[in-house]
Structures are given as C-alpha cells and as structure tokens.
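What follows is a short report on a single structure.
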Amino acid sequence: MEQAGFTYRKAAGLELFLDHGATSPRDAVHLVFANELVRAGEAAPNPGVEESTDLGDFRVINLDALVRIKLTAFRDKDRTHLRDLIGVGLIDGTWVQKLQGQLAERLQTLLDTPDG
C-alpha cells in the first residue's frame, strides 16, 4: 500500500493506511484482521476469510459477516450503515434470530428505532 502512496500508521490500537498525506484516521483504510477482536471486550471477533466471496482479483466480505462487524463496532456511522441496509430491505427482523447476545439486541434496537 505504501508503494501506491499510502502512509502506514498505528493509532488507538488500529492499523491503518492514510491516503496521500491525509492526517485523520477517519480518512484512512483500516486493516481488519480475520478472527481477531479489534478491541478487547468487544461482543464478537471479526469474521474469518471463509466468510467472503472470491471474485478473482479480490475477495468481498459476505453480507452476514459485514453486518456482524457493523453490530460489533456499533459506532454512529455503523448504525447509519445498518439502518441503510434495513431501509433497502437487505436486513429485516429475521436477522435477529441469526445473531446471538449483544449483537441480536443491537440489531433489534435498530429495527425498533429506524429513524434513530
């Protein structure tokens, strides 16, 4: 990534690459490691690479794995992304049954409060 002009940085326990001298981690490519917790005490580890689809030159994470990542992080932008997925019909009440514990509770909260 550095050969492509990105700058590596470790900030707040996260590993990331900043795009062409940007200074904010908000503008960075964040590295997410399979089967690891991003932060200690999180509700679930990141999904494994087997929860993705091989498209030849790259892999794309499956929707159910992405939803779990978003529910685990549960920052404002993650909740917004999840509400968008709910709004376009990619996630609905049947998903709560697929999840356990805190992740199921978080999704139910979003389903119960679609406008925030």
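Counting just the residues of the range 60-95 that are among the aliphatic types (A, V, I, L, M) and surrounded by fewer than 16 Cβ atoms within 10 Å (Cβ to Cβ), which one comes out farthest from VAL38 (Cα to Cα)?
Initial filter on the range 60-95 (among the aliphatic types (A, V, I, L, M)): 60-61, 63, 65-67, 69, 71, 73, 82, 85-86, 88, 90-91.
With the extra rule that they be surrounded by fewer than 16 Cβ atoms within 10 Å (Cβ to Cβ), the set shrinks to 60, 63, 88, 90.
Details: VAL60: 19, LEU63: 19, VAL88: 28, LEU90: 25 Å.
Among those that are among the aliphatic types (A, V, I, L, M) and surrounded by fewer than 16 Cβ atoms within 10 Å (Cβ to Cβ), it is VAL88.
Criterion first (of a type in the set (Asp, Glu) and either in contact (Cβ under 8 Å) with a residue 60 or more places away in the chain or over 21 Å from HIS30 (Cα atoms) (or both)) does ASP57 satisfy it? Write out each step before concluding.
Working: of a type in the set (Asp, Glu): yes; either in contact (Cβ under 8 Å) with a residue 60 or more places away in the chain or over 21 Å from HIS30 (Cα atoms) (or both): no.
Judged against the criteria, ASP57 is not a match.
If you take the residues of the range 1-39 that are surrounded by 11 or more Cβ atoms within 10 Å (Cβ to Cβ) and among the small types (Gly, Ala, Ser), which of them is modelled with the highest pLDDT?
It comes out as ALA34.
Can you tell me which residue is nearest to ALA104 (Cα to Cα) among those in the range 11-65 that are hydroxyl-bearing (Ser, Thr, Tyr) and in the same structural domain as ARG106 (by TED's automatic domain parsing)?
So the first thing to find is which residues in the range 11-65 are hydroxyl-bearing (Ser, Thr, Tyr), and the list is 23-24, 52-53.
Next, from what is left, pick out any that are in the same structural domain as ARG106 (by TED's automatic domain parsing): 52-53.
Working: SER52: 21, THR53: 24 Å.
So, considering only residues that are hydroxyl-bearing (Ser, Thr, Tyr) and in the same structural domain as ARG106 (by TED's automatic domain parsing), the one nearest to ALA104 (Cα to Cα) is SER52.
List the pairs whose first member sits in the range 73-90 and is more than 11 Å from PRO114 (Cα to Cα), whose second member is surrounded by fewer than 17 Cβ atoms within 10 Å (Cβ to Cβ) and among the polar types (S, T, N, Q), and whose Cβ atoms are under 9 Å apart, counting only residues at least 6 apart or on separate chains?
PHE74/GLN102
Based on what the data block shows, is THR80 over 26 Å from GLY13 (Cβ atoms) and among the polar types (S, T, N, Q)? Steps first, answer last, please.
Working: over 26 Å from GLY13 (Cβ atoms): no; among the polar types (S, T, N, Q): yes.
So THR80 fails the test.
Please tell me if ARG68 is assigned to a loop (DSSP other than H, G, I, E, B), of a type outside the set (A, V, I, L, M, F, W, C) and either within 26 Å of ILE86 (Cβ to Cβ) or touching an Asp or Glu at 6+ places or on another chain (Cβ under 8 Å) (or both). Steps first, answer last, please.
On the way: assigned to a loop (DSSP other than H, G, I, E, B): no; of a type outside the set (A, V, I, L, M, F, W, C): yes; either within 26 Å of ILE86 (Cβ to Cβ) or touching an Asp or Glu at 6+ places or on another chain (Cβ under 8 Å) (or both): yes.
In short, no.
Hey, any hits in the range 42-53 for a residue that's under 12 Å from the mean Cα position of the chain (by Cα) and hydroxyl-bearing (Ser, Thr, Tyr)? So that I can check it myself, show each step before the final result.
Pass one, the range 42-53, residues under 12 Å from the mean Cα position of the chain (by Cα): 44-47.
Going one step further and asking which of them are hydroxyl-bearing (Ser, Thr, Tyr), we end up with none.
Within the range 42-53 (the criterion being under 12 Å from the mean Cα position of the chain (by Cα) and hydroxyl-bearing (Ser, Thr, Tyr)), the answer is no, since none of the residues qualifies.
Being modelled with pLDDT of 95 or more and over 16 Å from LEU66 (Cα atoms) is the filter; apply it to the range 103-115 and report the residue that is farthest from the chain's Cα centre (by Cα).
Only one residue tops the list, namely ASP112.
Filter the range 40-59 down to the residues that are touching a helix residue (DSSP H, G or I) at 6+ places or on another chain (Cβ under 9 Å) and exposed (fewer than 13 other Cβ atoms within 10 Å of the Cβ) and list them by number. Write out each step before concluding.
Here is the first cut: in the range 40-59, the residues touching a helix residue (DSSP H, G or I) at 6+ places or on another chain (Cβ under 9 Å) are 42-48, 51-52.
Across the range 40-59, the qualifying residue is only GLY48.
Inspect all residues belonging to the range 23-32 and state whether any of them is in a strand (DSSP E or B) and under 28 Å from GLY89 (Cβ atoms). Can you show your working first?
From the range 23-32, those in a strand (DSSP E or B) are 28-30; that's our starting set.
Narrowing further to those that are under 28 Å from GLY89 (Cβ atoms): 30.
Checking the range 23-32: at least one residue is in a strand (DSSP E or B) and under 28 Å from GLY89 (Cβ atoms).
The values are calculated or read from the model by the stated rules, or taken from the named source; none is laboratory data. Keep in mind the model is a prediction, meaning the values are calculated, not measured. Note that we place each Cβ from the backbone using ideal geometry, even for glycine, and neighbour counts take in every protein chain shown.
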